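I have placed the structure first, in the form of structure tokens, so that the comments after it can refer back to it.
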Amino acid sequence: MSPRPRSFEDADILAAVGRVIGRHGPARFTLALVAREVGMSPATLVQRFGSKRKLLVTAMRGGAGDWGGYIAELKAAGKSPLSIVRELVLCLAGMAPTAREFGNHLAALLLLDLADPAVYPLTRDMARKNQLALVTLLREAEAAGELLPGDHEATARLLNALAVGSLLQWAIHREGTARDWLARDLDRVLASSLPPSQGQGSDTLERGSD
């Protein structure tokens, strides 16, 4: 009797898409590389998704980068709104285990997420959804006394811009880890919005994220 064929979950395949893009960049991305990453045959991958472009679109539709589930997990773990904001921004450092991989992800953003007419609407909708999630958390942080009153929509935009810019600077200078570099910049920005009772430094923010 022949062995039962191994089954492959879509989630595993879509996660492999992100790893392959990080390792090889969008220009060298192929179905064969994804198939090898997962451990399946390229023919099976083609049969399931049809083409490289369709696989990439499916990866975006699958919620890559969607913060909803992660926010729910952090809230269930008892994290405060401000500590969740901090962790959401810092999780973007996951795109930068190395400067090369960050460059590949940045290239995918410029060449695929923003340029492909089938992918861009998904990129835009995901960004808007995550922006709203940040605004909601910042308002919750104000209500909990963690932040001073302010324009939280502007703050959310600033935090998103900070993340990309800070990681780009880290990729240029390559001092320490991307997460530590981003954390330093993030905490300096957030410190100016802390109530006096919480202090004005990154130590307070880091304690709140424990």
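What the table below lists for this structure:
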| quantity | calculated |
| --- | --- |
| Separation in nanometres of the label points that stand 7 Å from Cα toward Cβ, at residue 19 and residue 173 | 3.2 nm |
| Kirkwood hydrodynamic radius of segment 1-118, from inverse mean 1/r over distinct Cα pairs, in Å | 15.9 Å |
| Furthest towards positive pole of dipole, 90, 76, 112, structure part segment 70-127, Cβ charges | 76 |
| Segment residue 129-residue 180, extension gain: residue separation times 0.36 nm, minus the distance between their alpha carbons | 15.7 nm |
| P(r) of the chain over all Cα-Cα pairs, binned every 10 Å from zero, in whole percent | 8, 30, 31, 20, 8, 2, 0, 0 |
| Ranked by how many other beta carbons lie within 10 Å on average, peptides 70-79, 186-195 from highest | 186-195, 70-79 |
| Reachable lysines, given that their alpha-carbon falls under 29 Å from the alpha-carbon of residue 52 and they are not under 8 places away in the same chain | 129 |
| Ranked packing of 13-21, 92-100, most packed first, by mean Cβ within 10 Å | 13-21, 92-100 |
| Ellipticity estimate at 222 nm from DSSP helix runs (n ≥ 4, -39,500 (n - 2.57)) divided over the chain, nearest 500 | -20500 deg cm²/dmol |
| Sequence of 173, 24, 152 once ranked by neighbouring C-beta atoms within 10 Å, starting from the fewest | 173, 24, 152 |
| Ranked list, fewest to most other Cβ atoms within 10 Å of each Cβ, for 182, 168, 159 | 168, 159, 182 |
| Percent RCO, i.e. relative contact order, over the chain, from Cα pairs under 8 Å lying at least 6 residues apart | 23 percent |
| Rel. contact order, % - alpha carbon contacts under 8 angstrom, at least six apart, segment 10-60 | 38 percent |
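Only the coordinates and a few stated rules stand behind these numbers; no lab work does. Remember, predicted model here, so these are calculated numbers, not experimental data. Here the Cβ is made from the backbone with ideal geometry for all residues, glycine too, and neighbour counts use every protein chain on show.
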